[in-house]
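Undergrad: Please read through the structure below; I'll follow up with questions.
A short reminder: the numbers here are calculations on the coordinates, not readings from a lab. Because the structure is predicted, anything quoted here is derived from the model rather than measured. Virtual Cβ from ideal backbone geometry, glycine too; neighbours counted across all protein chains shown.
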Amino acid sequence: MINYNGEILPSDNNLSNSNRAFLYGDGVFETLKIVNNKILYLEDHYFRLMASMRIVRMKIPNNFTLEYLETQILNLAKAQNCENSARVRFTVFRNDGGFYLPNNNSVSFQIQVFHLENKLYSFSDANYEVDLYKDFFISKQLLSTIKTTNKMINITGSIFAEENDLQNCILLNNDKNVVEALNGNLFMMMGTKLITPPISEGSLNGIMRKQVLQIAKKIEAIEVIEDVISPFDLQKANELFITNVISGIQPITKYRKKDYKSDLSKEILTSLNSLI
């Protein structure tokens, strides 16, 4: 773990006793992947982080350049001997002080690095069943599109999935339209159309979402669109899959009584690995 001074801390050092990310969810974060001492899609992550900090009115330090963040992350990965394949969480939080109203908008950050076994993206043909999570809904607003440290819907949804022997759940917005999965963006193949909910529906502005959209637009005979998806559309689809930076693509095999193929998922996964 690295603190805001760039000092490497013991992994059991706990800075959450007083920081505002712990107390109020006053933080934003990025989840990144390192392969062969290189951070994948670093520029996309960096600009999303900067946009997130501006949205929540954090003061961006002058030294928060792309090169500075890259150096801090890779130094920690090297120190922990996992620079060849790792998962990174980069969390920025407003400094201690105040209650709901902070004393100021200055920030600190923490970096955590975890070793990953596989460099390349892969998935198995094992059963991956999902259902709707309807206890809570995502708001159609700008805050829903960024990664804040308030993830209570994702947490309670994950518990619901485990209690019901599901591998994941699909989240809905206040209009009861499909937004995303618990841990990534959702894509639906229906006929020759590949559809994903637009950001305006409250979907996370995902980094892997962007990569998949770019790759899919180069595939002949597929029309790629961002459009509203209703829960009724899911049972008409040929294929459903989830995307995130760590897993790449996770095909959904079953939703209620509907079984799905994974042909397009495999094709896009191959393209992702070739880019890596």
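Undergrad: Using a Gaussian network model of the chain with C-alpha springs under 10 Å, which one of F232, F93, F241 is most mobile by mean-square fluctuation?
TA: In this elastic network of the chain, the residue with the biggest mean-square fluctuation among F232, F93, F241 is F232.
Undergrad: Just G202, G191, G27 to compare: in a GNM of the chain, with alpha carbon springs under 10 Å, which one fluctuates most?
TA: Per the Cα network of the chain with a 10 Å cutoff, G191 tops the list.
Undergrad: Percent relative contact order of the chain, based on C-alpha pairs within less than 8 angstrom and at least six residues apart? Intermediate values should be presented prior to the final figure.
TA: On the way: 516 pairs, mean separation 48.3, N = 276.
About 18 percent, as a whole number.
Undergrad: Picking from N168, Q112, V130, whose Cα lies most toward the positive end of the charge dipole for region 112-179 (charges on Cβ: Lys, Arg +1; Asp, Glu -1)?
TA: After comparing all options, I get Q112.
Undergrad: How far apart, in nm, are two points set 7 Å out from the Cα along the Cα-to-Cβ line at I276 and at M190?
TA: 3.1
Undergrad: Subtracting the Cα-Cα distance from 0.36 nm times the residue separation, let me have the gained length for F22 to N36 in nm, one decimal.
TA: Gain on extension, F22 to N36, equals 1.8 nm.
Undergrad: Rank T31, Y100, N81 by how far each Cα sits towards the positive end of the charge dipole of region 20-115 (+1 on Lys, Arg Cβ; -1 on Asp, Glu Cβ) and give me just the farthest.
TA: The one lying farthest along the dipole's positive direction is Y100.
Undergrad: Another question about this same structure. If I take every Cα pair under 8 Å that is 6 or more residues apart in region 129-275, average their sequence separation and divide by the length, what percent do I get for the relative contact order?
TA: Details: 270 pairs, mean separation 34.5, N = 147.
Here the relative contact order equals 23 percent.
Undergrad: What order, most packed first, do the peptides 244-250, 179-185 have when packing is the mean number of other Cβ atoms within 10 Å of each residue? List each step's numbers first, then the result.
TA: Numbers: 244-250: 21.0, 179-185: 23.6.
Most protected by this proxy first, the peptides run 179-185, 244-250.
Undergrad: With everything on Cα atoms, drop me the angle between helix 152-163 and the longest principal axis of the chain, reported from 0 to 90° to the nearest 10.
TA: 50
Undergrad: While we're looking at this one, here's another question. Between N238 and I155, 0.36 nm times their residue separation minus their Cα-Cα distance comes to what?
TA: 27.0 nm
Undergrad: Straight-line reach from K78: which lysines have Cα under 23 Å away, leaving out those fewer than 8 places along the same chain?
TA: Of all the lysines, those that pass the test against K78 - Cα under 23 Å, at least 8 places apart if same chain - are K33, K38, K119.
Undergrad: Estimate the FRET efficiency between S139 and F47 by the formula 1/(1 + (r/R0)^6), using the beta-carbon distance for r and 25 Å for R0, to the nearest 0.05.
TA: 0.60
Undergrad: Hey, another quick one. I'm spelling it out carefully: the read-out is semi-axes √(5λ) of the Cα gyration tensor in Å, the candidates are (1) 32, 25, 14; (2) 27, 22, 17; (3) 32, 22, 17, and one was derived from this structure. Which label?
TA: Correct label, based on the coordinates given: (3).
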